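Step one of this worksheet: look at the structure below.
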There are 2 protein chains.
Amino acid sequence: MNRPEPPSLNEIHLAAQRINPYIHHTPVLKSAFLNQLSRADLYFKCENFQKAGAFKSRGAMNAILSLTEEELSKGVATHSSGNHAQALARAALIAGTKAYIVMPDNAPKVKIAAVEQYHGEIFFCEPTLAARESTLQKVIAQTGAELVHPYNDYRVIAGQATACLELITQIPDLDLILCPVGGGGLLSGTSLTLHYLSPETKLIGCEPQGADDAQKSFATGVLIPSMHPNTIADGLLTSLGSLTFPIIMKYVTNIITVNDEAIKVAMKYIWERMKIIVEPSAAVPLAVALSSKIDVKGLKVGIILSGGNVDINNLPWK
Amino acid sequence: MNRPEPPSLNEIHLAAQRINPYIHHTPVLKSAFLNQLSRADLYFKCENFQKAGAFKSRGAMNAILSLTEEELSKGVATHSSGNHAQALARAALIAGTKAYIVMPDNAPKVKIAAVEQYHGEIFFCEPTLAARESTLQKVIAQTGAELVHPYNDYRVIAGQATACLELITQIPDLDLILCPVGGGGLLSGTSLTLHYLSPETKLIGCEPQGADDAQKSFATGVLIPSMHPNTIADGLLTSLGSLTFPIIMKYVTNIITVNDEAIKVAMKYIWERMKIIVEPSAAVPLAVALSSKIDVKGLKVGIILSGGNVDINNLPWK
C-alpha cells in the first residue's frame, strides 16, 4: 500500500537504510572549466553512475522493499519505457519477485533490452496514454501485482529523496540545488530533504521548455499537464502528479525552463569537459545555471545529474 | 636537461610531490557488469578525468617543473597533435612560460583548439615525420626552447610513473596491471613503479594490432618501429623510443595486441556500462582483458584508462 502522507524525515532516513545495500553512494564531481563558465561553485551529484544508470533505482528499490511478503509475492507493475522501467525490473529481480512492465510497441530496442536484462516481463500496447493505462489495469487485475508508479507514489518519493540526503552530507552548506523536473518524484523528494535538513538551501526545478507543465502549474497553483510535450530531454516528458505537485508548491523556490538548444550545449559540456556520460534530461540543470534566467555568481550550487542512459549510437547532436 | 638514468624511486616520489598541486588524484572505478564479463576484479584508474583529459599532464608537468629558471624562461617545444601537446601547453601556461607546438597542417580542428585554449603557440608543417622533426629543430634553434619529447624523456617517464604510484596506494595487492602502450612513456613509468614498490604485480602492455611495434620489439629484443601504423587508437600510433624500450624489456611481463573491432567493443562497454568517456586508446587494456589471449579469471586487475579526449561529433562506431 502506498502511504497516505508525504514522507517524514524518519521515512527518508529509513528509505536510505533500506536501499543502502542495493544502490551506489554516487560521487560528487567538480569541473574547473564549468565553474569558470558559470562563475559559481558547481557540485555535480552523479546519479548517472547509479545502478541501472539513474536515480530511479532509489525510488523503485524503496517501494519494493516497503512491500509485505504477501504483496511482494504477487510482483510489481508499472507503465514506463524509461529509467523507471529498468529500475523496477532490477529491484524486482533483487527482491526475487516479478516486474510487469507495460511499454508502447514503438519503444526503442535499447530500452526493451534494458528491461529484459533484468528479467522484466514486458507487455506491449499502443503508444497512447489511454492504451498504457488500460493495459496496466488489465495486467494488475490478472496478476494481483502492486502498482509502483514512476513518481506519484510516496514510497518512490522517499527513495528519490535519498539522493539529496547524500549530497548535503557530502557537500554541506549549499546555497542552491538545481534539480530536473518531469513527473516531480526527484524534485519533490529533494524538496522534502531540504525542508527537513537544510531549509536555507534554495531549490529550483529545471524543466525543458517543450514540456513546461511544472512551470505553468507552479505559476498558477493549478495542475496543468503538458498536452503535447516535445523535447530531447526524454526523461522529462511526463507531467507532475497529484502527490508530487502539492509538495513542490510548498517547498520549491522556483521552476525555470530552458530550450533544447541550451540543453544540448550543456550536455556537450558535461561530456567533453567532465568526461562523463549523461542523458539529455540530466543536462537541464546545468543549462539553467548557464542561462541568463538565473544569477548563480559566487554561489555554492548542487546539481543533480539524474541519469546516464542514452543511446550512444544515436546522439542528439548528430 | 634530460636526466642521464632511468628514474629512481626517489625521483618518482619527487615527481609526485612536484606535480601534486597541478594534477588530479584520479579516482578508481569498478563495474559489476565488467567484472562478471571478465570473471576478474577490475579496477579502472580514471586518467580520462585527469587535467587536460589524459595522464600526459603528469609527465609534461614534471618535465616543466624540473627545468631551471633560465631554461624555463626560453619556453618548451614539442611535436605532437595529441594529448601531449595539450598537456605541455597547459603545463607551460601554469609555469608562466611559452609552449611551441609543431603540428601537421592536417590536424583536426578540435586538437588545434585544445592547444590554443592553453595559449600554446602552434607551428604548422607538412604531415610527415621528417617535416615535423625539421620544423621542431628550427623552432628550437630560433627560440632556445627546451625539447620535451612526448615519451622519450626520463622526466616525462617519471611523471607518468605517478599514475601507478597512486593506483597501488588506492588498490594494494594487484595481481596484474594492464596498461596501453604507444611510445611507452606510461608503460615504462608504470613498470618502474611496480619494480620498486610492487614487484609481484605482473604488468602487460596492451597494444593495437595495427601499431604492434612494441610487441615485435619485445619479442625480438630489437627496436622495430611501426612503418605504417593504422588503428582507431590514435593515441598509440607512435613507436617505442630509445629510452622507453630498454625499461620495458627489463620490467614488463608481456605485450598483447588486440584488433580495432575488439577495441571498439571495449570502448562501448566502458561508455555504456561505466557512463564515462574514454578515447579508443584507453579501451585497449579492457579489450585485452576480454580477449582469449589472456586468462584473468579470479585476478585483481588494475586497468589504466589513459585518456578521454575524443571528438564526440565523430565517434568510431558511426
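Since every read-out is calculated from the coordinates, none of them should be taken as a lab result. In this text the structure is predicted, and so the values were computed from the model without any measurement. Cβ coordinates were reconstructed from backbone atoms using ideal geometry, including for glycine residues, and neighbour counts include every protein chain displayed.
How much FRET efficiency would the formula 1/(1 + (r/R0)^6) give for B:Met227 and A:Ser292, where r is the Cβ-Cβ distance and R0 is 35 Å, rounded to 0.05?
FRET efficiency, B:Met227 to A:Ser292: 0.05.
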>> What FRET efficiency comes out for A:Gln209 versus B:Asn35 if R0 is 51 angstrom and r is the Cβ-Cβ distance? Round to the nearest 0.05.
In response: 0.75
> Taking a spot 7 Å from the Cα of B:Thr128 along the direction of its beta carbon, which residues of the stretch B:104-120 have an amide N less than 17 Å from it?
Replying inline: B:104-107
>> Taking only Cα atoms of the stretch B:147-297, what ratio of Rg to Rh do you get with Rh as the Kirkwood inverse-distance radius?
In response: 0.94
> R0 = 41 Å: FRET efficiency of A:Lys74 with A:Leu9, Cβ-based, nearest 0.05?
Replying inline: 0.85
> Sorted from shortest, what are the nm distances separating the label point of B:Ala219 from equivalent points in the other copies, each placed 7 Å from Cα along Cα to C-beta?
Replying inline: 6.9
>> How far, in nm to one decimal, is B:Val265 from itself in the other copies if the label point is set 7 angstrom along Cα toward Cβ? Shortest first, please.
In response: 4.1
> Pairs A:Lys30/B:Lys74; B:Lys30/B:Lys264; B:Lys51/B:Lys109: which exceed 29 Å Cα-Cα?
Replying inline: A:Lys30/B:Lys74
> Do the sum for chain A: with -39,500 (n - 2.57) for every DSSP H run of n ≥ 4, divided by all residues, what is the mean residue ellipticity at 222 nm, to the nearest 500 deg cm²/dmol?
Replying inline: -13000 deg cm²/dmol
> Roughly speaking, what % of Cα-Cα pairs in the stretch B:1-155 are separated by over 23 Å, rounded to a whole number?
Replying inline: 41
> Which whole-Hz ³J(HN,Hα) couplings does the stretch B:236-244 yield from phi under the Karplus relation 6.51 cos²θ - 1.76 cosθ + 1.60, θ = phi - 60°, glycine and proline marked x?
Replying inline: 10, 6, 6, 9, 3, x, 5, 8, 7
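If you wrap a convex hull around the C-alpha atoms of the protein assembly as shown and split its volume per residue, what is the figure in Å³?
Dividing the Cα hull volume of the protein assembly as shown by its residue count gives 151 Å³.
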> For the stretch A:57-147, what D do you get in µm² per second when you plug the Kirkwood radius from alpha-carbon pairs into Stokes-Einstein at 37 °C and 0.692 mPa s?
Replying inline: 258
> Please state the relative contact order of chain A as a whole percent: Cα pairs under 8 Å, 6+ residues apart?
Replying inline: 22
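When the Kirkwood radius is taken over all Cα pairs of the stretch A:205-259, what Stokes-Einstein diffusion coefficient follows at 10 °C and 1.306 mPa s, in µm²/s?
Working: Rh = 11.1 Å.
After rounding, the answer is 143 µm²/s.
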> Three principal axis extents, largest first, for the C-alpha atoms of chain A, in Å?
Replying inline: 56, 45, 38
> Between the stretch A:277-297 and the stretch B:270-318, how many Å separate their Cα centres?
Replying inline: 29
> Which distances, shortest first and in nm, link B:Asn314 to the matching position in the other copies, using label points set 7 Å out along Cα to C-beta?
Replying inline: 2.5
> If you take every DSSP beta bridge whose two residues both sit in chain A, what share of them, in percent to the nearest 5, is antiparallel?
Replying inline: 10
>> Above 18 Å lies some portion of the pair distances; for the stretch A:77-225, what is it as a whole percent of all C-alpha pairs?
In response: 64
>> Per residue of the stretch A:268-280, what does 6.51 cos²θ - 1.76 cosθ + 1.60 with θ = phi - 60° give for ³J(HN,Hα)? Whole Hz please, x for Gly and Pro, Karplus curve as stated.
In response: 5, 4, 5, 5, 7, 9, 9, 6, 10, 9, 10, 7, x
